[in-house]
Amino acid sequence: MMEQSTHALALEKVERRYRQGESTLEILRGADLVLLPGQTVALIAPSGVGKSTLLHLAGLLEKPDGGEVFIGDAATARMDDAERTKLRRLEIGFIYQFHHLLPEFTALENVMMPQLIRGLARPQATARASELLAWLGLGAREKHRPAELSGGEQQRVAIARAVANAPRVLLADEPTGNLDPKTAEHVFDALGQIVSATGLAALVATHNMDLAARMDRRVTLRDGFVVELD
């Protein structure tokens with residue numbers, strides 16, 4: 001069992017395998033990874049080696065077949081679905097390549113949504129959502145629906161939504177993969193500002209080596225293990 005630590009996220013000897021007919025496909029064979037508060041870590045690996053699986057395990061969307069996933073000092077492997085859902089809602093934010101904003105709601109309402117689901121009163125949720133959007137340079141766009149926003153603006157709204165509940169961990173899967181280089185730069189800068197200002201830990205799966213080089217650490221997956229690249 002991992003001792004008490006200042007880590008935000010820790011994977012300890014994590015295993016994940018899938019059945020394929022008569023055979024078993026081993027994706028992770030004992031992966032270890034620690035993220036500290038205020039740290040950005042780039043996850044760089046070819047398609048098909050387990051990046052999404054690792055993110056799903058870190059985000060409590062899947063359970064490991066062995067090992068442990070810690071969010072802060074909370075061991076999660078033996079939690080039931082309700083406990084995992086509650087912890088995920090409070091402690092983990094997600095950003096995807098496609099923003100997945102709700103098209104019928106404004107930018108402000110999209111950022112309010114996770115706060116309202118958590119149980120925050122509407123005035124408080126509105127104030128925090130407005131503050132986050134303004135901080136990300138979208139104050140004048142908060143009443144616009146996603147279709148009225150550019151791709152970069154939509155992704156910045158998605159970042160604001162992901163951190164609306166002040167999570168401990170931010171998980172991003174190719175967050176700039178659908179953007180042109182200049183827009184990707186703006187989105188990455190916004191992500192870096194959020195990490196610096198809030199002290200959360202970010203694990204970012206990316207193929208963009210220029211952006212990965214600007215993160216605190218770079219890791220890859222090799223033979224089912226997490227390997228540091230630096």
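Computed values, structure above
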quantity	calculated
Positions within segment 28-50 being open to solvent by less than 20 Å² (accessible area, probe 1.4 Å), of a type outside the set (A, V, I, L, M, F, W, C) and under 11 Å from L221 (Cβ atoms), in sequence order	G50
Flag for L25 being of a type outside the set (D, E, K, R), assigned to a loop (DSSP other than H, G, I, E, B) and open to solvent by 50 Å² or more (accessible area, probe 1.4 Å)	no
Selection status of Q115, within 22 Å of A172 (Cβ to Cβ), modelled with pLDDT of 90 or more, crowded, with 19+ Cβ neighbours inside 10 Å and touching a His at 6+ places or on another chain (Cβ under 9 Å)	no
Any hit, segment 119-135, residues being surrounded by fewer than 18 Cβ atoms within 10 Å (Cβ to Cβ), closer than 23 Å to G59 by Cα and under 18 Å from the mean Cα position of the chain (by Cα)	no
Number of the exception - V157 against (1) surrounded by fewer than 19 Cβ atoms within 10 Å (Cβ to Cβ); (2) in contact (Cβ under 8 Å) with a residue 12 or more places away in the chain; (3) touching a helix residue (DSSP H, G or I) at 6+ places or on another chain (Cβ under 7 Å)	(1)
Residues of segment 77-92 that turn out to be assigned to a loop (DSSP other than H, G, I, E, B) and either under 20 Å from N165 (Cα atoms) or open to solvent by 50 Å² or more (accessible area, probe 1.4 Å) (or both), as a count	2
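The values are calculated or read from the model by the stated rules, or taken from the named source; none is laboratory data. Predicted model, so just to flag it, every value in this text is computed and none were measured. Every residue, glycine as well, gets a Cβ built from its backbone with ideal geometry; the counts of neighbours run over all protein chains shown. With ligands, DNA and RNA removed, areas are computed over all heavy atoms of the protein, side chains included. Shrake-Rupley method; radii C 1.70, N 1.55, O 1.52, S 1.80 Å.
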